[in-house]
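Some notes on the structure that comes next.
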Amino acid sequence: MTFLAAIGAFVLGALAAVGRVSIFAFDTVSHLARPPWYPREFGVQILQIGWNSLPVVGLTTIFTGGALALQIYAGGARFSAEAVVPQIVAIGMVRELGPVLVGLMIAARVTSSVAAEIATMKVTEQIDALVTLSTHPMKYLTLPRVLAATVVMPVLVAVGDIIGIMGGFVVGVQRLGFNASTYLTNTIDFLEWIDIVSSLSKGAVFGFIAALMGCYFGMRSERGAAGVGSATKGAVVAASVLILAANFILTEMFFAG
Amino acid sequence: MIELKGVHKAFGSKEVLRGVDLVIPKGESMVIIGGSGTGKSVCLKSVLGLVTPDKGEITVEGQDVTRLRQGSRERDAFLARFGMLFQGGALFDSLHVWENVAFRLLRGSLKRPKQEAREIAIEKLRRVGLTPDVADQFPAELSGGMQKRVGLARAIAAEPEIIFFDEPTTGLDPIMSGVINDLIREIVVEMGATAMTITHDMTSVRAIADKVAMLHAGKIRWTGPVAEMDTSGDPYLTQFITGSAEGPIEAVR
Ligand SMILES: Nc1ncnc2c1ncn2[C@@H]1O[C@H](COP(=O)(O)OP(=O)(O)O)[C@@H](O)[C@H]1O
Ligand SMILES: [Mg+2]
């Protein structure tokens, strides 16, 4: 009985959390239609979320692209390796690994810093101060971050896809002795529009999730340093899990139909 | 006029306010005293709508402020008349000092040209005893007492009609406390503002109060003109004023 009660309590708690997050998400988006807007904050966030994430995006994807090429080659594709390796690297990077890896890196880098920043503002009464200065925290803090992440993530994913493919290319040409121009033609010929569209759409969705979770957990932070810590942890875990779940759903929508 | 009637507020099982009744007439300076953790800050925050009371009524010039919706035009208009100094300063650490002070003047209904906003900010900084060179620093580069004064400058920057000061002199040296006390007095007298100040500093109380209210056990224990404070005959108030460890207020709370 206590076991059933525990399951019941867990399910109810989870449903309530989904409800709260959904309301928060709708509230955030609704501010798009309601001025005032803060373009300067949006610009700052584009720089912080987009530009400053480029190194980490590049590093993660180049190594993954390279490893992928080695793996496919080692995994028995030696026959028509020169055609198969570039094709699978391209498909793997663009459809799945690019968006997912960049999404998870953004969850680590952006979600954590957004959550910690907003939670600190909450516990040091800066959010209260914003309100008394007639500035809506959802408009001034949440919307610029969520919007910037949503807009800039497709670009980061595109960069990640390209660098990942380059990683495979370098390994293919340098280590496996493939012909460089054949590699590139194989890559380009094999990719379809749907691959690219799905990749960038995933990016937008993951960016939205990553920034939204950072803001949501930050705004709900409990008081004190421990509050900031657990808000940050909660935000990163929630963003990572939701990104992977959303990836599954989006893959289903784009490719299983 | 600000009026609180039977205001209750609990956080979880902790009942902080248990029926606060208080009237602050327009243009007067009310000082709230009371032990730390008795809910003085919560009291100010409920007037501003940062904390929603569980029960009771708060009106500012007859307008019920607990029913104003966040982000509504009425609430914005209401808040535009307020200035608030937070206990911890609550400066925005991503903005320069002058941008903090001029925050209200850089956006929204009170927006004005950047150069003008900056000049006003520097003038307000001077009034709280800070030199113009702090204007371009970040809050984290300043000492606690300086941050407090920047917070004070921000609270008065848009010349509000109603000003709340949460422990304005805590953490300041005696001379700077004197400067701030004079400034608060000046704001009330010159600008005709209504002020509500929280403090533990009895020198400050005597310097800035028209009226004093003492919060104890979630209620206003005593309220009256500052001149009657010493002869109130209330053992709680007397203990607080004299700072005695002996008396009805327990030292361990
Ligand atoms: N947002 C909050 N959540 C939970 N407890 C709070 C909150 N704000 C204040 N409290 C509690 O209410 C009590 C009164 O706090 P406060 O008004 O800050 O006291 P003070 O009289 O020193 O200003 C304290 O015990 C504090 O822990
Ligand atoms: Mg306080």
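The angle between the Cα long axis of helix A:193-219 and the main principal axis of chain A comes to about 30°, on a 0 to 90 degree scale. With contacts taken as Cα pairs under 8 Å at a separation of at least 6 residues, chain B carries a relative contact order of 25 percent.
The amide H of residue B:197, built 1.01 Å from its N in the peptide plane, has B:30, B:31, B:32, B:165 as neighbours under 5 Å, considering only residues 5 or more places off or on other chains. Magnitude of the charge dipole for the protein assembly as shown, about its Cα centre and with charges confined to Cβ atoms of Lys, Arg (+1) and Asp, Glu (-1), is about 660 debye. Each listed q (0.17 Å⁻¹) maps to a log10 I(q)/I(0) for chain A, found by the Debye formula over equal Cα scatterers with no solvent: -1.18. Each label was represented as a point 7 Å from its Cα along the Cα-to-Cβ direction; for residue B:189 and residue B:73 these points are 4.0 nm apart. Report the relative contact order of the range B:111-202, percent, no decimals, based on alpha-carbon pairs under 8 angstrom and at least 6 residues apart. Relative contact order for the range B:111-202 comes out at 28 percent. The GluC sites (Glu not before Pro) of the range B:164-253 that meet both conditions, a loop assignment by DSSP and at most 13 other Cβ atoms within 10 Å of the site Cβ, are B:246, B:250. Say the cut-off is 26 Å between C-alpha atoms; which of B:14/B:219; B:45/B:219; A:139/B:26; B:45/B:211; A:122/A:202; A:139/B:111 go over it? Distance filter (> 26 Å) returns A:139/B:26; A:122/A:202. Taking a ≥ b ≥ c as the square roots of the eigenvalues of the Cα gyration tensor of the range A:16-62, is the shape rounded (a/c under 1.5), prolate (a/b larger than b/c) or oblate? Judged from the Cα gyration tensor, the range A:16-62 comes out oblate (a/c at least 1.5, b/c at or above a/b). Each 5 Å bin from zero up to the one holding the largest Cα-Cα distance in the range A:79-135 carries the following percent of pairs: 4, 16, 12, 11, 10, 9, 8, 7, 7, 5, 4, 3, 2, 1. For the range A:38-255, the relative contact order is 35 percent, taking Cα pairs closer than 8 Å that sit 6 or more residues apart in sequence and dividing their mean separation by the residue count.
Shape class for the range B:1-94, computed from the alpha carbon gyration tensor (a ≥ b ≥ c): rounded, with a/c under 1.5.
Every number here is computed from the coordinates shown, using simple stated rules; none is lab data. The structure displayed is predicted, hence computed values, not measured ones. Methodologically, a virtual Cβ is constructed for each residue, glycine included, from the backbone with ideal geometry; neighbour enumeration extends over all protein chains shown.
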